[in-house]
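First up is the structure itself, then whatever we jot down about it.
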Amino acid sequence: MAFSTTWSVVDLDNKKHGELTNIVAIGVKCTVTEGSYKGEWSSRFKIGSADTTSPGYIGFSSITEAQALQWVKEQMGSTAIDEAEMYGRMVINTQKSPASGTSDNSLPW
């Protein structure tokens, strides 16, 4: 079975500055699935001060999930994106592997 990967925005932090509401952080999640197995990775990315005079400026009320994901993925870079997706696949492979040995987390005496 093949792995399927989806990215989603799970949180947008905002801050009011005068008449504008700026996005200050974006929470994202990478979900990898294979059949009934699921592995997830999540993180938050701070934006800092938005340049409201920039032609690419997007206010809080106008942002879309696609725009937020595009910004995060640009900030992450392809190596970090690949690592997040590999982490999800690793979680799935761990779920599929039988545990070796036994551990009941009890004291030895």
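The values are calculated or read from the model by the stated rules, or taken from the named source; none is laboratory data. A quick note: this is a predicted structure, and the numbers were derived from the prediction, not measured. For neighbour counting, all protein chains shown are included, and Cβ atoms are generated from backbone atoms with ideal geometry for every residue, glycine included.
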Region 1-17 residues that are over 16 Å from LEU69 (Cβ atoms), paired with ones that are modelled with pLDDT of 95 or more and of a type in the set (Ser, Thr, Tyr) (beta carbon under 8 Å, 6 or more apart): PHE3/THR33; SER4/THR33
Candidate set from region 30-61 (those that are among the small types (Gly, Ala, Ser) and surrounded by 10 or more Cβ atoms within 10 Å (Cβ to Cβ)); member that is modelled with the lowest pLDDT: ALA50
Matching residues in region 25-64 - criterion: being of a type outside the set (Lys, Arg), part of a strand (DSSP E or B) and within 19 Å of ASP11 (Cβ to Cβ): ALA25, ILE26, GLY27, VAL28, CYS30, THR31, GLU40, TRP41, SER42, SER43, PHE45
Boolean, THR6 is closer than 21 Å to ILE58 by Cβ and among the polar types (S, T, N, Q): no
